[in-house]
Amino acid sequence: MMQLVQWLRSLVFVVVIYAAMIPYGLIYLPAALRGRDGAIAACHAWCRFVKRAAPWMVGIRTEVRGTPPAGECLIAAKHQSFLDIILIYSSVPRGKFIMKTELTKAPILGWYALRIGCVPVDRGKRAQAVQRMVADVAAGRADPGQLIIYPQGTRITPGVKAPYKVGTSVLYTESGQPCVPVACNVGLFWPRKGIMRRPGIAVVEFLDPIPSGLSGPDFMKTLERRIEDRSDALMAEACVTVIAS
């Protein structure tokens, strides 16, 4: 019975947060049409709404640890669900993502994603997108801010291992920017697929930056070790908290 109640609460929550994109999109539309800052303000406002709604609607409290970067950098994050996108983006001043092209066709979400500077990527053509980003950074055409990339390329279920893709290394090496790794445990509470949301404390943690200048292989080894070790620790911590409660 409790499971059914939680599923119904989750369904209402999902409907509410996605429906809320419409009024937020319309309210901020004049500002977003004037410039990127207006679109960023809209996205930040919607993220705040989701974070406020989650505790009382489905019992998910959120926590951001570490120091989110404010300057130009690459952010390489563990990706478990839509929640880590919300928490990371709402924590940085001018975030932008490398995202799947099909998401740009989503009503409201797609237009705002392009407006804040996200880079669309066709399936199977990630390398081309990386090359374009490197060229844009070198030529000064890229919108300033924090470029958020998911090194494993997709959402990964907690406990599942998946390789880290070389595109992150190319961006790091060619851009000459430091990289901030991000670990998380959010997939335990907000899964990559499905309606069910489970109560708990969902955490993303900004780790110490990896300075520019490492070789590609050394960078990837360091990045994967830091993200995976800390994500495993956050998930273990969450499990202990659930058992204790």
- request: Could you check, for region 220-230, whether at least one of its residues is within 20 Å of the chain's Cα centre (by Cα), of a type outside the set (Val, Ile, Thr) and farther than 23 Å from Leu74 by Cβ?
  value: no
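Look through Pro158, Pro144 and report the one residue that is open to solvent by 60 Å² or more (accessible area, probe 1.4 Å) and either touching a Phe, Trp or Tyr at 6+ places or on another chain (Cβ under 8 Å) or over 14 Å from Ile85 (Cα atoms) (or both).
Testing whether each residue is open to solvent by 60 Å² or more (accessible area, probe 1.4 Å) and either touching a Phe, Trp or Tyr at 6+ places or on another chain (Cβ under 8 Å) or over 14 Å from Ile85 (Cα atoms) (or both) leaves just Pro144.
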- request: Go through (1) over 22 Å from Ala233 (Cβ atoms); (2) in contact with a Gly (Cβ under 7 Å, 6 or more places away or on another chain); (3) assigned to a strand (DSSP E or B) one by one and return the number of the condition Asp143 breaks.
  value: (3)
task: Name every residue in region 161-176 that is open to solvent by 50 Å² or more (accessible area, probe 1.4 Å) and assigned to a loop (DSSP other than H, G, I, E, B), in order of residue number.
output: Lys161, Pro163, Lys165, Val166
message: Considering only region 72-85, I want to know if a residue exists there that is modelled with pLDDT of 95 or more, in a helix (DSSP H, G or I), open to solvent by less than 10 Å² (accessible area, probe 1.4 Å) and on the phi < 0 side of the Ramachandran plot.
response: yes
query: Quick check: is even one residue across region 35-55 modelled with pLDDT under 95 and open to solvent by 90 Å² or more (accessible area, probe 1.4 Å)?
result: no
- prompt: How many residues does region 166-211 contain that are modelled with pLDDT of 95 or more, more than 24 Å from Met57 (Cβ to Cβ) and out of contact with any strand residue (DSSP E or B) (no Cβ under 7 Å at 6 or more places or on another chain)?
  reply: 2
- prompt: Do you know which residues across region 99-122 are touching a residue at least 60 places away in the same chain (Cβ under 8 Å) and open to solvent by less than 20 Å² (accessible area, probe 1.4 Å)?
  reply: Tyr112, Ile116, Gly117
task: Pull up region 1-13, narrow it to residues that are in a helix (DSSP H, G or I) and out of contact with any helix residue (DSSP H, G or I) (no Cβ under 9 Å at 6 or more places or on another chain), then point me to the one that is nearest to Val50 (Cα to Cα).
output: Leu11
statement: Output for Cβ contacts, cut-off 9 Å, separation at least six or different chains, first residue over 10 Å from Arg197 (Cα atoms) in region 1-14, second open to solvent by less than 20 Å² (accessible area, probe 1.4 Å) and in a helix (DSSP H, G or I), reads Val12/Val58
- prompt: What are the residue pairs meeting all of these: first residue in region 151-174, first residue at negative phi, second residue open to solvent by 40 Å² or more (accessible area, probe 1.4 Å) and among the small types (Gly, Ala, Ser), Cβ atoms under 6 Å, and 6 or more apart or on different chains?
  reply: none
message: Checking Gly25 against (1) under 18 Å from Leu109 (Cβ atoms); (2) more than 21 Å from the chain's Cα centre (by Cα), only one condition comes out false. Which one?
response: (2)
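The values are calculated or read from the model by the stated rules, or taken from the named source; none is laboratory data. Computed from a predicted structure; not experimentally measured. Heads up, the Cβs are rebuilt from the backbone with ideal geometry, glycines too, and the neighbour counts pull from every protein chain shown. Quick note on the areas: whole protein, heavy atoms, side chains included, nothing else; ligands and nucleic acids left out. Shrake-Rupley method; radii C 1.70, N 1.55, O 1.52, S 1.80 Å.
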